[in-house]
Amino acid sequence: MAAAQGAGSSVAGPSGAPSSSSSSVPGLQGSSPAVAVWEWQDEFGRWRPYRGNVCSYIEQVLQAAQQKGRRSGSSLVSSIPLGHADAVLAPYVIDIPSLTQFRQDTGTMRAVRRHLFPGSSAAGQGIVWEWQNDEGGWSPYEMSVCDVLEQARATNHQRVDLAPFGYNYDVDLVAQVQINKTTRFRRGVQRRLDSPYPATNASAPGHAGVGCSCQQCWLNGGTGPITTRYRHSATNFPNSSSSSSSSSSAAATQQLSGRTTSAGSSSFVPYNKPALSAVRSTPRLSSQSTWALPQAGGSSTGLAAPNGVSALSLPVKMSKPSKVNQALAATPTEPEVVVRKYLEELKGTPADEDCIICMEKLASPSGYGDACECSTIKPEMVGRLTSCQHSFHMLCVLAMYSNGNKDGSLQCPSCKTIYGEKTGTQPKGRMEVSTFPQSLPGHKDCGTIQIVYHISRGIQGPEHPNPGMPYTARGFPRYCYLPDNEKGRKVLELLKVAWKRRLIFTVGTSSTTGESNTVVWNEIHHKTEMDTNLSGHGYPDPNYLDNVLAELAAQGVTEDCLRK
């Protein structure tokens with residue numbers, strides 16, 4: 001059995017900031033071309049590559065912006081609508097400053113990253129390896145894994161052991177299966193030839209300054225935060241003791257096609273744990289957008305502070321808190337209190353059960369012990385959710401909660417049961433309801449309910465992507481329609497609950513205009529047209545009311561809320 005190991009990303013320079021030269025990619029010499037692969041992170045923390053044509057489009061937009069920047073002195077790109085490259089991806093926009101993929105119709109946010117690979121790699125040849133999912137479809141491995149599998153195939157290795165990279169799988173290249181080493185469960189794998197990924201000499205977009213833990217700084221430095229890359233052994237951490245590090249590295253190093261790579265290398269982790277250091281886990285003001293608070297009665301004179309917000313050069317006495325301070329004044333519920341409220345600690349730990357958050361055994365310490373510290377909840381503590389009875393490391397649940405809105409609610413990552421009252425990030429506004437006798441297509445036996453949403457521009461709070469920054473509110477008031485029948489009135493009452501819980505809208509990037517920091521729909525669909533359904537936003541639609549009831553239930557808004 002041979003463990004195929006490889007590198008496909010650039011490395012950090014001495015100061016910790018990502019290197020932007022193509023020579024930092026293993027296998028590249030001098031100005032040899034590299035290929036760029038863009039990937040997005042799914043809800044399980046797996047990185048999934050966009051197809052080659054989509055990556056080509058992203059690179060073209062970035063290169064055009066760089067060329068324009070040489071003439072104008074600015075090369076910043078705010079967002080890239082993916083529908084221009086693939087019509088199937090029309091709802092998706094990549095917000096470049098935050099390295100986040102937004103889905104406009106649901107408000108879903110995913111992390112994205114850009115990696116450089118040698119032109120001779122699997123990416124350069126357009127080769128993608130995929131595993132068969134539970135629905136019978138095929139899901140791609142992240143490109144680093146594809147490259148290692150392709151190298152193993154080219155050198156006649158029969159099996160690739162993914163254990164050195166933190167995943168409990170073998171891949172049998174002869175039988176074309178992926179094997180769970182604990183359960184022996186098998187999934188099919190396949191090798192698919194697609195269009196090659198784009199050649200590039202351009203560096204990834206990022207922010208200026210000292211390297212930090214934000215996504216722009218990890219972009220060319222590996223697969224994610226250090227706590228993910230080196231989570232399996234303290235001996236694999238950078239700058240760990242030389243004796244233990246050398247012995248661990250020697251045991252994990254394998255020869256493959258003339259290349260020697262270490263399993264402890266930051267360049268490759270086949271399946272990351274969900275990266276809890278994502279965009280919204282550490283809200284901060286954007287260093288790209290420096291702006292000054294206005295002084296009363298005069299023009300603003302500001303000094304740029306380290307966090308990107310201008311500080312006033314003179315003290316200003318305000319009669320009431322500024323809008324920025326008001327927006328940032330929210331105090332989240334203490335995470336430890338919430339975790340202990342909904343989980344009961346188990347004294348006996350199930351020996352063979354996994355924690356699906358960190359993918360470690362419950363009998364072992366939490367995989368987030370190095371990323372989330374708590375004085376009262378220890379890495380080895382295991383808890384069971386009181387209603388659905390699913391068990392997890394309590395520290396893993398703490399890390400998951402700390403990555404969200406901190407609204408006092410929890411959602412089981414296994415069955416999606418909601419504990420407490422889930423709330424969203426909708427800005428302040430007003431919801432108005434009226435009725436009129438005209439019927440909607442498909443509902444001739446009743447009149448129409450009209451909902452009008454009013455939201456004005458404002459300042460983002462700590463729950464939003466860029467706290468302290470302004471957000472816009474385009475297209476308001478927004479008009480929506482329901483049939484005035486029994487089911488339509490039930491949907492209306494549930495929408496009122498969702499509105500009070502701030503679940504209807506959020507702050508994100510518009511897929512139609514590409515504008516960032518603007519109010520967009522969240523994960524509850526509305527009908528905004530009365531007399532046509534060509535766009536999917538009108539009537540007739542016989543399944544709409546049932547679909548929106550299911551979407552509301554997924555947010556914890558059910559008929560039980562009306563009875564309360």
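Quick rundown of the values:
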| item | result |
| --- | --- |
| Residue match in the stretch 111-128 (condition: touching a helix residue (DSSP H, G or I) at 6+ places or on another chain (Cβ under 7 Å), at pLDDT 90 or above and of a type in the set (V, I, T)) | yes |
| Selection from the stretch 464-481 of residues that are farther than 15 Å from H526 by Cα and in a loop (DSSP other than H, G, I, E, B) | H464, P465, N466, P467, G468, M469, A473, R474 |
| Those residues of the stretch 154-169 which are surrounded by fewer than 19 Cβ atoms within 10 Å (Cβ to Cβ) and modelled with pLDDT of 90 or more, in sequence order | A154, T155, N156, Q158, R159 |
| Members of the stretch 333-350 that are surrounded by 13 or more Cβ atoms within 10 Å (Cβ to Cβ) and of a type in the set (K, R) | R340, K341 |
| Sole exception among (1) touching a Phe, Trp or Tyr at 6+ places or on another chain (Cβ under 7 Å); (2) modelled with pLDDT of 95 or more; (3) open to solvent by 20 Å² or more (accessible area, probe 1.4 Å) for T448, by number | (3) |
| Complete set of residues in the stretch 100-110 that are open to solvent by 10 Å² or more (accessible area, probe 1.4 Å) and closer than 19 Å to V37 by Cα | Q101, F102, R110 |
| Close pairs (8 angstrom Cβ cut-off, 6 or more residues apart or separate chains): in contact (Cβ under 8 Å) with a residue 60 or more places away in the chain in the stretch 181-200, open to solvent by 60 Å² or more (accessible area, probe 1.4 Å) and acidic (D, E) anywhere | T182/D352 |
| Selected residue [polar (S, T, N, Q), part of a loop (DSSP other than H, G, I, E, B), open to solvent by 60 Å² or more (accessible area, probe 1.4 Å) and touching a residue at least 12 places away in the same chain (Cβ under 8 Å)] from S387, S366 | S387 |
| D352 more than 19 Å from L410 (Cβ to Cβ), touching a residue at least 12 places away in the same chain (Cβ under 8 Å) and touching a helix residue (DSSP H, G or I) at 6+ places or on another chain (Cβ under 6 Å) | no |
| Subset of the stretch 390-413 [within 21 Å of the chain's Cα centre (by Cα) and open to solvent by less than 40 Å² (accessible area, probe 1.4 Å)] | L395, C396, V397, L398, A399, Y401, S402, G404, S409, L410, C412, P413 |
| Residue pairs meeting the criteria (Cβ under 9 Å; at least 6 apart or on separate chains; first closer than 16 Å to D194 by Cβ, in the stretch 143-164; second open to solvent by 50 Å² or more (accessible area, probe 1.4 Å) and part of a helix (DSSP H, G or I)) | E150/Q125 |
| Index of the failed condition, Y539 passing every other in (1) open to solvent by 20 Å² or more (accessible area, probe 1.4 Å); (2) over 30 Å from S79 (Cβ atoms) | (1) |
| Those residues of the stretch 111-165 which are touching a Lys or Arg at 6+ places or on another chain (Cβ under 8 Å) and charged (D, E, K, R), in sequence order | E130, E142, E150, R153 |
| Residues located in the stretch 521-551, provided they are closer than 26 Å to T100 by Cβ and touching a Ser or Thr at 6+ places or on another chain (Cβ under 6 Å) | N522, E523, H537 |
| Number of the exception - C446 against (1) in contact with a Lys or Arg (Cβ under 9 Å, 6 or more places away or on another chain); (2) assigned to a loop (DSSP other than H, G, I, E, B) | (1) |
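Okay, residues lined up against (1) more than 28 Å from the chain's Cα centre (by Cα); (2) in contact (Cβ under 8 Å) with a residue 12 or more places away in the chain; (3) open to solvent by 40 Å² or more (accessible area, probe 1.4 Å):
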{"site": "H525", "(1), (2), (3)": "no, yes, yes"}
{"site": "D531", "(1), (2), (3)": "yes, yes, yes"}
{"site": "L534", "(1), (2), (3)": "yes, no, yes"}
{"site": "L549", "(1), (2), (3)": "no, yes, no"}
{"site": "R563", "(1), (2), (3)": "yes, no, yes"}
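The values are calculated or read from the model by the stated rules, or taken from the named source; none is laboratory data. Since the structure is predicted, the reported quantities are computational estimates derived from the model, not experimental observations. Reconstructed Cβ throughout: ideal geometry from the backbone, glycine too, with neighbour counts over all protein chains shown. We work out accessible area using only protein heavy atoms, side chains counted, and drop any ligands, DNA or RNA first. Shrake-Rupley method; radii C 1.70, N 1.55, O 1.52, S 1.80 Å.
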